[in-house]
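Shown next, in structure tokens, is the structure this report addresses.
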Amino acid sequence: MNKQEAILEYTLRIADDSLLLGHRISEWCGHGPILEEDIALTNIALDLIGQATNFFDYAAKVQGEGKTCDDLAFLRLEREYKNVLLVEQKNGHFGDTIARQFFFDVFRKLFFESLSKSTDQDLAAIAEKSLKETRYHLKHSSEWIIRLGDGTQESHDKIQGSVDYLWKFTDELFFMDQVDELLIKENIAVDLTALKANWKSYISEIFQEATLNIPTNGWQQAGGRKGLHSEHMGYALAELQYMQRAYPNMQW
Amino acid sequence: MVKKEKIWELLEQVFDPEVPVLNIVDLGIVRTVEMNDHTCKVTITPTYSGCPAMKTIEEEIQKLFQENDIEVEIESTLSPAWTTDWISENGKNKLREYGIAPPENEVDKSVLFAEATVVPCPLCKSKNTKMVSLFGSTACKAHYQCNECLEPFDYFKCLR
Ligand SMILES: [Zn+2]
């Protein structure tokens, strides 16, 4: 693998995380528990899809095959998507969505803080832009974790259940392989092992206020970064890709 | 040759479709204007990554310049990232008059749950207001309500 291939793969991983989560949250449009929350979730989805667009644009440029952002977003096969399993999980109930978002937002804030210092000017610029939005996302999900955890017995039990279920997908956020190794040497990629302690301590802090427990179950599930997805991915892609598959090259 | 001042004047006639009281110069998204012999290059930057207004704004610029027989090349840049600090004083006044509270100087966003920012009501000027939702009618706004006159209003939230 050369440097160009590594940057392409690296950028697609980030883009796919944003795309799939943005797609998932957009499914809440019109279904939010209250109007304000419906609007908040769709705003966050819009930010994530906007970030995905920027990363896909850059990936297409690096690839240099004349493909567009849309080709990459809509016309790859399931195994070519490299997002983590966490972001493709189903929305479930509102607590499930918030727990998934919270784990991701904490990671993303730390990740973009580091990536904005990358020696790759394009990645750094997109990260700097995305970071400002991610801070709002994190504030939103943190406040909900506290409100649900420290709310009624029912909301507490439900959000603890969401946390317990999704915990097994969190280790994969810190997955690294030869792509990362190659790019870390050039100060392009972020060394994720360095982020993990901060990720966990932030979560502990919020969980303490939310009277929630960090799961102790050690089993972790991974595969997304290698293109091996959970059963939910196919359904998400079916909806995401439907128009382009049914009407190739259609324009909005 | 067209003067640079003329270009800026034209750009002041292009408005943000989501906040129609602000032109794109007041909004601070026009970064640079470069002049060549027969063409000019305008560099703009998005407010938010997923801002759906960017495309409309580009089209508006193209249209207006075409009407004025000026060839324009529009480039979009992400860095340095747009911040609400770039909204002009003039722009902030226009927002207030329109009923949207302009961005307040907020402390570092990374400090969670710091004391909530005081956002004065654009209608009655009372500082006794509350945040209803961090996310409002568009990506750039939060939803507030005045406790005195009960007016619900948009707050153009601080982005730094
Ligand atoms: Zn008022």
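Collect the residues in the range B:27-55 that are among the polar types (S, T, N, Q) and within 14 Å of chain A (Cβ to nearest Cβ), keeping them in residue-number order.
B:T43, B:T45, B:T47, B:S49
What are the residues in the range A:195-238 that are free of Cβ contacts under 8 Å to residues at least 24 places away in the same chain and assigned to a helix (DSSP H, G or I), if any?
A:K196, A:A197, A:K200, A:S201, A:S204, A:E205, A:Q208, A:E231, A:Y235, A:A238 - these are the residues of the range A:195-238 that are free of Cβ contacts under 8 Å to residues at least 24 places away in the same chain and assigned to a helix (DSSP H, G or I).
Here is a yes/no grid of residues against (1) in a helix (DSSP H, G or I); (2) over 24 Å from A:Y136 (Cα atoms); (3) at pLDDT 95 or above:
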| residue | (1), (2), (3) |
| --- | --- |
| B:K6 | yes, yes, no |
| B:V19 | no, no, no |
| B:G50 | no, no, no |
| B:I61 | yes, yes, yes |
| B:D85 | yes, no, no |
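Hey, any hits in the range A:240-252 for a residue that's within 16 Å of the chain's Cα centre (by Cα), of a type in the set (G, A, S) and part of a helix (DSSP H, G or I)?
No, the range A:240-252 contains no residue that is within 16 Å of the chain's Cα centre (by Cα), of a type in the set (G, A, S) and part of a helix (DSSP H, G or I).
Conditions (1) more than 8 Å from every other protein chain (Cβ to nearest Cβ); (2) more than 18 Å from A:K139 (Cβ to Cβ); (3) surrounded by fewer than 21 Cβ atoms within 10 Å (Cβ to Cβ), marked per residue:
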residue	(1), (2), (3)
B:P120	yes, yes, yes
B:K125	yes, yes, yes
B:N128	yes, yes, yes
B:S137	no, yes, yes
B:C140	yes, no, no
B:E148	yes, yes, yes
B:P152	yes, yes, yes
B:Y155	yes, no, no
B:L159	no, no, no
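Hey, any hits in the range B:97-115 for a residue that's touching a residue at least 60 places away in the same chain (Cβ under 8 Å), touching a strand residue (DSSP E or B) at 6+ places or on another chain (Cβ under 6 Å) and more than 16 Å from the ligand (Cβ to nearest atom)? Break it down into steps so the answer makes sense when it comes.
Applying the first criterion (touching a residue at least 60 places away in the same chain (Cβ under 8 Å)) to the range B:97-115 yields B:97-98, B:100.
Imposing the further condition that a residue be touching a strand residue (DSSP E or B) at 6+ places or on another chain (Cβ under 6 Å) reduces the set to B:100.
Still in the running and more than 16 Å from the ligand (Cβ to nearest atom): none.
No, every residue in the range B:97-115 fails to be touching a residue at least 60 places away in the same chain (Cβ under 8 Å), touching a strand residue (DSSP E or B) at 6+ places or on another chain (Cβ under 6 Å) and more than 16 Å from the ligand (Cβ to nearest atom).
With respect to A:D17, determine if the residue is away from chain B (no Cβ under 13 Å), modelled with pLDDT of 95 or more and crowded, with 24+ Cβ neighbours inside 10 Å.
Values: away from chain B (no Cβ under 13 Å): yes; modelled with pLDDT of 95 or more: yes; crowded, with 24+ Cβ neighbours inside 10 Å: yes.
Answer is yes for this residue.
The values are calculated or read from the model by the stated rules, or taken from the named source; none is laboratory data. Note that the structure is a prediction, hence the values are computed from the model and not measured. With ideal geometry, Cβ positions are generated from the backbone for all residues, glycine too; neighbour counts draw on all protein chains shown.
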